[in-house]
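The values are calculated or read from the model by the stated rules, or taken from the named source; none is laboratory data. Everything numeric in this text was worked out from a predicted model, so none of it was measured. For neighbour counting, all protein chains shown are included, and Cβ atoms are generated from backbone atoms with ideal geometry for every residue, glycine included.
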Amino acid sequence: METRNYSKVYRILHWLIAFTFLLLLLTIFLRKTWMEKNHVAGIIQAFLADNGYAALSEDDAIVLAKKIRKPMWNWHIYFGYVLTGLYCIRLAVPFFGEMKFASPFKAGLDMKTKFQYWVYLVFYLCTAISLVTGLFIEFGPKNLKDPMEEIHVLSLYYLLGFMVLHFGGVLLAECTTQKGLISRVISGNKKE
């Protein structure tokens with residue numbers, strides 16, 4: 001197999017996209033765990049009860065919990081904007097000779113390579129759906145907000161699936177046919 005050298009543009013864009021996805025995942029993780037509205041509302045209610053303050057109804061405690069976690073969730077939105085910009089750059093760079101998209105329809109590809117190309121094609125399509133639905137949630141008509149949120153929430157599943165395939169594939173390649181792959185994606189140098 002040919003040893004690929006990764007350009008500076010490729011590496012910078014790859015890592016910016018990767019870290020943006022990880023930061024988006026962090027905000028989702030926080031929203032689903034420690035900052036989950038019912039959990040935070042329970043903490044508020046327990047604090048008020050333990051300290052002799054007037055009790056809040058469950059609905060009011062949830063409203064307050066949502067206000068507490070709103071600044072954290074705003075970061076999810078900001079990272080979504082960053083990812084939208086990076087995605088548009090990723091789509092544009094092939095026109096400048098960088099990061100060409102590989103077609104799974106190309107003749108003569110082995111099954112492993114076809115699978116890799118299909119995974120990336122599906123990833124880019126799902127990312128587009130995530131970004132478009134996120135933008136619709138923020139800027140679209142209010143009557144589309146709920147269906148767009150339902151689709152957007154499903155983004156978590158393709159992203160986690162892709163990450164497992166990507167990390168697994170990179171580790172497999174690193175340990176078998178493409179030794180030095182990880183260092184080349186970090187530094188750009190071929191391992192001799």
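Among all positions in the stretch 74-84, there is at least one residue which is outside the structural domain of HIS152 (by TED's automatic domain parsing) and farther than 22 Å from MET163 by Cβ. Take the conditions surrounded by fewer than 11 Cβ atoms within 10 Å (Cβ to Cβ) and either at pLDDT 95 or above or outside the structural domain of ILE137 (by TED's automatic domain parsing) (or both) and apply them to ASP110. Does it pass? Judged against the criteria, ASP110 is not a match. Among the residues of the stretch 13-58, those identified as charged (D, E, K, R), surrounded by fewer than 16 Cβ atoms within 10 Å (Cβ to Cβ) and under 30 Å from TYR157 (Cα atoms) are ARG31, LYS32, GLU36. Taken over the stretch 137-192, the criterion of being in contact with a helix residue (DSSP H, G or I) (Cβ under 8 Å, 6 or more places away or on another chain) and not in a helix (DSSP H, G or I) is satisfied by GLY140, GLY180, GLY188, ASN189, LYS190, LYS191.
Residue by residue, here is whether (1) outside any helix (DSSP H, G or I); (2) at pLDDT 95 or above; (3) of a type in the set (Phe, Trp, Tyr) holds:
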residue: TYR10; (1), (2), (3): no, no, yes
residue: PHE21; (1), (2), (3): no, yes, yes
residue: TRP34; (1), (2), (3): yes, no, yes
residue: ALA41; (1), (2), (3): no, yes, no
residue: LEU56; (1), (2), (3): yes, no, no
residue: ASP59; (1), (2), (3): no, yes, no
residue: VAL63; (1), (2), (3): no, yes, no
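Here ILE17 meets each of (1) over 18 Å from PHE123 (Cβ atoms); (2) touching a residue at least 40 places away in the same chain (Cβ under 8 Å) with one exception, condition (1).
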